[in-house]
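Visitor: Provided herewith is a single structure, encoded as structure tokens, for subsequent inquiry.
The values are calculated or read from the model by the stated rules, or taken from the named source; none is laboratory data. Being a predicted model, the structure only gives us computed values, none of them experimental. Cβ: placed from backbone, ideal geometry, glycine included. Neighbour counts: every protein chain shown. Note: areas computed on protein heavy atoms with side chains; ligands, DNA, RNA excluded. Shrake-Rupley method; radii C 1.70, N 1.55, O 1.52, S 1.80 Å.
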Amino acid sequence: MSERDIDPADTAPGDEAAEGEAFAGGIASYAVGLGLAALLTAAAFAIVNLPLVWRPAIPMALVVLAIAQMGVHLVFFLHVSSGPDNTNNALALAFGTLVVLLLIGGSVWILGHLDHAMMR
């Protein structure tokens with residue numbers, strides 16, 4: 001098997017990049033990610049500063065834009081995808097999300113019970 005038969009995308013972390021490839025994602029992928037991230041940031045500022053969205057709906061619109069921003073960062077910059085070689089990354093991300101949600105939920109629950117006990 002010669003070097004020409006090896007798939008350039010099938011490399012381990014730390015391997016040298018394939019010939020003619022700057023890095024794994026390619027400059028175009030990073031440029032698209034940067035453009036989308038800048039667009040989502042500008043949209044968030046526009047929603048807050050312009051009367052485009054019904055005033056009580058602004059927090060929900062910002063949450064939606066924040067989730068979209070996280071998705072752009074995960075896909076374009078952290079290269080988390082649903083490919084078979086990315087199973088460990090997806091599981092680590094899911095576990096990290098679970099831990100954060102448990103930490104935040106548990107803290108809110110405990111503080112709610114403490115507040116209820118102190119107010120009586």
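Visitor: Could you tell me which residue of the range 18-39 is modelled with the highest pLDDT, considering only residues that are surrounded by fewer than 13 Cβ atoms within 10 Å (Cβ to Cβ) and not aliphatic (A, V, I, L, M)?
Guide: Checked the range 18-39; the qualifying residue modelled with the highest pLDDT is 35.
Visitor: Which residues, taken from the range 40-56, are assigned to a helix (DSSP H, G or I) and either farther than 23 Å from residue 73 by Cβ or open to solvent by 90 Å² or more (accessible area, probe 1.4 Å) (or both)? First the steps, then the outcome.
Guide: Taking the range 40-56 first, the residues assigned to a helix (DSSP H, G or I) are 40-49, 55-56.
Passing the criteria: 45, 49, 55, 56.
Visitor: Same structure, new question: Filtering the range 57-108 down to residues that are in contact (Cβ under 8 Å) with a residue 12 or more places away in the chain and outside any helix (DSSP H, G or I), which residue is least open to solvent (accessible area, probe 1.4 Å)?
Guide: 80
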